[in-house]
Ligand code: GLU
């Protein structure tokens, strides 16, 4: 049984960098017939909001991900309390009273001595009397996990064998002075409680994994497998960041991008599976093996996104477009098949459809006026089909000697008001004779 989780912090709208683990977990779950848990890491009450959490659900659904289960860490404090009590009883979680300033001074001193700025565990030496005195001064403890300080090894699903030496790390603070939990412990408690089998997340978490494996073991929980993927960066090589206002998934949606284009770019950039049109996320899930995820950087290319978005529209069958067209007050398979090749965004169809239904503002150069009047006179009678355009322009060619651009561009400018656009052979049939006559002088 495969159970994965994606665990965003609801402190704002998600961006492409957040969508990457959301999707990679989804692909893994689908490929293995597993369960997908959406876990809101909302223990930071100052920064997490329900509005952000709701937004994340909307963004996931838009991308095509439907979690099997949703849990909110803010509703699971009792589990964390029980786990921290056990760690305290086992002597793995110990109270510390240093203030931020004291810790800063300790780090500065270590740096001066050329030592790594690792917490010196002074609090482990406190006696009961020391603690009573400190608390009488009004100090409240924060709680640190006493690391084993050893090479923790695991076989990463993506990066291969890894070693994190917890001897080179400070004992992590798991509980703040006000009793609230930092990310590290609740994550492990939930992974145990929800029987998570695979933790798939960004490679910025590799050293956390060393710490967390020690906590899994201290709690007697089954240690899941881990996979750490390369992080997505923007075109300039900078990481995406909510704080720095990276473009959100919701922004892309509002700009009219196809969810599949965003999903492909967020997940397949920096992998050896090609960036191309896929019909469903399952198709990607079936093809993406984690060995295809590169160990190097994954740099997002906005031009590639635009091109992929266009390609997705150019191959979108009418069945996939019909309800979206009707929401825009449009219909007709022939119209769709003719116009889709000219789309960059779906809503471009509104302007393009006007080439068929009108109104069109014909553009007629003075020197072409006579030529176009003749074209009007030679316009064949209906019924029209795909050969009509050829008959008409052949007749015009013989009558005027015009050819190439001189023949076709004035017709296009008059019939569509633009110098590029859909194929005229098909457009002519859809526009019909009456409307064509109206557009010619
Ligand atoms: N909330 C954490 C994050 O967004 C989750 C990390 C994890 O998957 O354990 O980085």
Practice task
With viscosity set to 1.002 mPa s and temperature to 20 °C, compute the Stokes-Einstein D of segment 191-231, Rh being the Kirkwood radius across alpha carbon pairs; µm²/s, no decimals.
Solution key: 205
Completion exercise
Quick calc of log₁₀ I(q)/I(0), segment 328-435, Debye, one scatterer on every Cα, no solvent, q values 0.10 1/Å, result -0.29
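From the mean inverse distance of alpha carbon pairs (Kirkwood) and the Cα radius of gyration, derive Rg over Rh for segment 90-228.
We get a ratio of 1.01 for segment 90-228.
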Problem - Angle between the chain longest axis and helix 206-218 axis [Cα atoms, degrees, rounded to 10] - result: 50
Fill in the blank from the handout: When 412, 47 are arranged by how many other beta-carbons sit within 10 Å of their Cβ, fewest first, they go 47, 412
Problem - Nearest 10 degrees, 0 to 90: helix 100-112 Cα axis against the chain principal axis - result: 90
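Could you put 57, 214 in order, starting from the residue whose Cβ has the fewest other Cβ atoms within 10 Å? Spell out each step's value before the answer.
On the way: 57 15, 214 24.
Going from least to most buried by this count: 57, 214.
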Fill in the blank from the handout: Over the chain, the sum of -39500 (n - 2.57) across DSSP H runs of at least four, divided by residue number and rounded to 500 deg cm²/dmol, gives at 222 nm -13500 deg cm²/dmol
Completion exercise
For segment 234-285, using Cα atoms only, the Rg and Dmax in Å read 12.3, 34
Handout entry: Neighbour-count order for 411, 69, fewest beta carbons within 10 angstrom listed first
Key = 69, 411
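Sorted by packing (mean other beta-carbon atoms within 10 Å per residue), highest first, where do 215-228, 349-362 land? Mind showing how you got there, number by number?
Numbers: 215-228: 18.3, 349-362: 16.0.
Ranked by mean Cβ neighbours within 10 Å, highest first: 215-228, 349-362.
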Fill in the blank from the handout: Taking Cα atoms, the helix 77-89 axis meets the longest principal axis of the chain at an angle in degrees (rounded to 10) of 30
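Counting only Cα atoms, I'd like the Rg/Rh figure for segment 226-370, Kirkwood definition for Rh. Each step should come with its number before you reach the end.
Details: Rg = 19.4 Å, Rh = 17.7 Å.
Taking Rg over the Kirkwood Rh, I get 1.09.
Does segment 114-192 come out rounded, prolate or oblate by the C-alpha gyration tensor, with a ≥ b ≥ c the root eigenvalues, rounded set by a/c under 1.5 and, if not, prolate when a/b is larger than b/c and oblate if not? Present the calculation step by step, with values, prior to reporting the outcome.
Values: a/c = 3.21, a/b = 1.73, b/c = 1.86.
Taking the square roots of the gyration eigenvalues as a ≥ b ≥ c, segment 114-192 is oblate.
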Problem - Rg to Rh quotient for segment 5-111, alpha carbon positions, Kirkwood Rh - result: 1.11
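From Cα pairs below 8 angstrom and at least 6 apart in sequence, can you work out the relative contact order of the chain, rounded to a whole percent? Mind showing how you got there, number by number?
Details: 658 pairs, mean separation 64.9, N = 441.
Once normalised by length, the contact order is 15 percent.
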Practice task
Sort 394-403, 418-427 for me by packing, meaning the mean count of neighbouring Cβ atoms within 10 Å per residue, highest on top.
Solution key: 418-427, 394-403
Exercise for the section: Find the eigenvalues of the gyration tensor of the Cα atoms of segment 296-342, then list the square roots of 5 times those eigenvalues as equivalent ellipsoid semi-axes, largest first, in whole angstrom. Expected result: 28, 11, 8
Handout entry: Cα Rg, Dmax, the chain, angstrom units
Key = 31.3, 110
Handout entry: P(r) histogram, all alpha-carbon pairs of segment 66-170 included - 5 Å bins from 0, percent
Key = 2, 9, 12, 15, 17, 17, 14, 7, 4, 2, 0
Exercise for the section: Indicate, rounded to the nearest 5 percent, the antiparallel portion of the DSSP beta bridges found entirely in the chain. Expected result: 50
Problem - Segment residue 361-residue 297, length gained on full extension (0.36 nm per residue, minus Cα span) - result: 18.1 nm
Problem - Principal axis dimensions, segment 177-301 - Cα atoms, whole angstrom, descending - result: 46, 35, 25
Handout entry: Value in Å of the Kirkwood radius, where segment 80-126 supplies the Cα pairs that are averaged
Key = 12.3
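Every read-out reported here was derived from the displayed coordinates using simple, explicitly stated rules and does not represent laboratory data. Computed from a predicted structure; not experimentally measured. Don't worry about glycine lacking a Cβ; one is built from the backbone with ideal geometry, like all the others, and counts go over all protein chains shown.
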